[in-house]
Each structure stands twice: as C-alpha cells, then as structure tokens.
Amino acid sequence: MVYIEKTFPSPTCLEKEKTKANGDYKCGETLNRIKQDFKNKCYICEYKEPVTINVEHFKPHKGDKDLKFEWENLFLACSHCNNIKRDKYNHLINCTDPNENIEERIRISIKVFPMEKVKIEALDNSIQTMDTVSLLDAVYNGTTKLKKIEANNLRTKIQKDLSDFNRHLYDYFDESLEDDDRDYTLKRIIRHLKKASSFTMFKRIIVKENDFLREKFEQYFD
C-alpha cells in the first residue's frame with residue numbers, strides 16, 4: 001500500500017444516485033475516475049491491472065447511504081483483497097490521506113524464492129497500523145485453503161516483478177554498461193518506483209533500507 005491522491009470534486013452523479021432506492025455508486029464517470037486515481041491497481045495488494053475489479057468501500061457502509069455514496073470512501077480493489085477485507089477491518093490506515101503517512105508505518109518484504117511468505121511488520125503500535133498489518137498478512141499469505149492458493153499466485157507475481165527490478169539495479173551499477181544502456185536501465189528503475197507500478201511499496205523499501213540506493217533513487221519516488 002502506498003499513498004494515492006484522490007481527485008476532486010467528486011463525480012456529480014453520486015449525490016443524485018444516493019437519492020434513489022437502488023442507486024448505483026459506480027455511476028457516470030465514477031468508475032473511470034477511481035481507476036485513474038488508483039493507477040489501475042488494487043490499493044491493498046498493489047496488483048496492477050487486476051482481471052477482477054471491485055469498487056470497494058474503505059469504511060464498510062452497512063446500509064449507511066452517506067458512506068455508500070461518499071466519494072472519499074470509494075476505492076479500487078481486486079476480488080481477492082475485497083473478499084478478505086469485507087467489513088472485518090475497521091481501523092485501517094487510509095492510503096489516500098497524506099497525514100496518515102502509510103509508507104513510514106509498515107515494513108513489507110519478501111525473499112525472491114518460490115513459496116516464501118511475505119513478511120509484514122508494524123513500525124508503530126497504533127490500532128490502525130496493527131489492523132492494516134493483519135489485513136496485508138491475510139492478503140499476501142492467505143487464510144482459507146482457497147485464499148492460500150490465491151495468495152501463492154500473488155506472491156509469484158511479486159517475486160517475478162522484484163526479480164526484474166533487482167536485475168535493473170544490478171545492471172545500472174555494471175561498470176561495463178554503455179551510457180545509452182545505463183540511461184535505459186535508469187528509466188526502467190524509475191518506472192518500477194512510481195506509484196503506477198505493481199507492488200511499489202516492496203521496491204521502495206528495498207531502496208530506503210540501503211543508504212547507497214536511497215541516495216541514488218529515492219529522488220524518483222512520486
């Protein structure tokens with residue numbers, strides 16, 4: 001999870017749909033706006049271009065029409081994450097609130113080997129951080145037999161993406177690399193570090209925890 005800035009004002013159709021008995025919170029431009037704001041990836045697991053998409057209510061609305069149609073409460077999630085979260089996690093860090101500083105409150109990592117689990121660590125003891133860590137552990141490592149299979153598939157995607165990122169890091173510091181190739185490699189590294197990339201938080205933590213990499217590449221965090 002990384003900080004995502006939502007655009008405003010909210011889609012005009014939401015207030016109109018809220019007055020209807022069976023109003024649709026995916027009305028008008030809402031779905032496209034959410035897709036653009038969240039960089040077309042799940043805000044929880046950061047899977048890019050998921051094949052299953054849900055407009056997820058960050059705070060479970062439980063019949064509350066204000067929460068159901070509130071623009072600030074509509075997030076993009078994949079079905080895997082949405083089905084795990086449901087209404088069981090009520091104190092999550094809000095990744096659309098810059099004051100919540102999500103990228104400094106959680107450490108997340110995985111070894112680039114098959115079947116390794118994701119390690120998620122809380123960097124403070126607030127209820128929001130603990131709740132978010134609990135959700136991410138369920139998402140990345142699974143709960144039921146079915147969700148563990150889905151989580152393993154997700155981890156495989158993460159490991160492949162991180163392997164590509166690490167390869168570009170190694171290539172960048174290869175002294176035999178030609179200047180044009182180094183420029184290309186830098187562009188690939190920058191792309192990996194942007195919010196629009198898959199699994200951005202994993203890669204940013206790799207950079208932040210290495211003084212040499214942080215000096216070179218932290219400037220490219222958006």
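Bear in mind these aren't lab numbers, they're just calculated from the coordinates by the rules spelled out. The structure displayed is predicted, hence computed values, not measured ones. Here the Cβ positions follow ideal geometry from the backbone for every residue, glycine too, while neighbour counts run over all protein chains shown.
Round to the nearest 0.05 the FRET efficiency obtained for ASN101 and LYS148 when R0 = 22 Å and r is the Cβ-Cβ distance. If you can, show how the numbers build up before the last one.
Numbers: r = 31 Å, r/R0 = 1.41.
For R0 = 22 Å, the calculated efficiency reads 0.10.
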Can you work out the FRET efficiency for the pair GLU209 and ILE127, with r the C-beta to C-beta distance and R0 = 35 Å, to the nearest 0.05?
0.85
Which of the pairs LYS6/LYS203; LYS41/LYS111; LYS41/LYS208; LYS88/LYS216 have their Cα atoms more than 31 Å apart in this structure?
LYS88/LYS216
Apply the Karplus curve 6.51 cos²θ - 1.76 cosθ + 1.60, θ = phi - 60°, to the phi angles in the stretch 172-183 and return the couplings in whole Hz, x for Gly and Pro.
4, 9, 6, 5, 7, 5, 5, 4, 4, 5, 5, 4
Based on alpha-carbon centroids, what's the gap between the stretch 124-182 and the stretch 42-57 in Å, whole number please?
16 Å
Counting only other residues whose beta carbon sits under 11 Å from that of SER126, what net charge do I get with K and R as +1, D and E as -1?
-2
Ranked packing of 176-182, 76-82, 29-35, most packed first, by mean Cβ within 10 Å
76-82, 29-35, 176-182
What net charge is computed for the residues neighbouring GLU17, neighbours being all others with C-beta under 13 Å from the C-beta of GLU17, Lys and Arg scored +1, Asp and Glu -1?
+1
³J(HN,Hα) across the stretch 62-78 via Karplus (A = 6.51, B = -1.76, C = 1.60, θ = phi - 60°), whole Hz, x for Gly/Pro?
6, x, 6, 5, 4, 5, 5, 10, 6, 4, 5, 9, 9, 10, 9, 9, 7
